[in-house]
Amino acid sequence: MATVRLLTDDELSPEARAVFAEIRTARGTDHVNDFWRALAHDPVSLRRTWDSIRQVMAPGALDPLVKEMLYVAVSIANGCDYCIHTHAASARAKGMSEAQFMELVAVVGMASETNRMVTAFGIEPDERYRTPPGGA
């Protein structure tokens with residue numbers, strides 16, 4: 001259940017309306033996710049978040065599918081059901097197969113388990129892993 005009322009298009013400020021127009025254009029849809037509708041109460045944060053997500057999720061050294069899969073993995077680790085569902089849908093739209101999704105979930109589960117073990121054991125990284133390739 002949302003902790004803030006989700007704004008309708010008729011309730012948007014001019015600034016929020018402009019961001020929603022950009023979202024619709026960028027995604028090629030009339031649908032604007034509920035996350036953005038909640039954030040629209042604060043048009044400054046809405047703008048900043050939209051600009052940041054566009055930059056981070058744009059094609060770069062990592063392709064868009066990999067970025068969506070990473071977003072899913074972090075969302076699983078953080079327990080964000082909303083983000084798991086929305087970014088899994090986006091990853092599927094970019095070509096993620098069910099086999100890839102199942103493998104992604106297995107890796108997140110394994111990393112979570114071993115992260116907790118290493119933390120409990122208080123193990124520091126091996127010296128050989130402390131220096132980035134090519135030196136510091």
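Overview of values
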{"quantity": "Region 1-50: relative contact order in percent, alpha carbon pairs under 8 Å with at least 6 residues between", "calculated": "45 percent"}
{"quantity": "Over region 1-91: Rg over Rh, Cα atoms, Kirkwood Rh", "calculated": "0.97"}
{"quantity": "Sequence-separation-based contact order of the chain, relative, with Cα cut under 8 Å and 6+ spacing, percent", "calculated": "15 percent"}
{"quantity": "Rounded FRET efficiency, nearest 0.05, which uses the C-beta distance separating Lys94 from Ala2 and R0 of 30 Å", "calculated": "0.65"}
{"quantity": "Label-to-label distance, nm, for residues given as Glu127 and Val56 (7 Å Cα→Cβ offset)", "calculated": "3.7 nm"}
{"quantity": "Förster radius 35 Å - calculated FRET efficiency between Asn78 and Asp10 (Cβ-Cβ, nearest 0.05)", "calculated": "0.60"}
{"quantity": "Computed E for Ser112/Asp30 - FRET, C-beta separation, R0 35 angstrom, nearest 0.05", "calculated": "0.40"}
{"quantity": "Span-rule helices in the chain, defined as complete DSSP H runs reaching 27 Å or more along the axis (Cα) with Kyte mean at least -1.0", "calculated": "98-121"}
{"quantity": "For region 1-59 versus region 98-120, the gap between their alpha-carbon centres in whole angstrom", "calculated": "32 Å"}
{"quantity": "Computed [θ] at 222 nm, deg cm²/dmol, the chain (DSSP H ≥ 4; -39,500 (n - 2.57); rounded to nearest 500)", "calculated": "-21000 deg cm²/dmol"}
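Rule-based calculations on the coordinates, nothing more; no lab input. Note that the coordinates shown come from a computational prediction; the quantities given were computed from them, not determined experimentally. Positions of Cβ are generated from backbone atoms using ideal geometry, with glycine treated the same way; all protein chains shown enter the neighbour counts.
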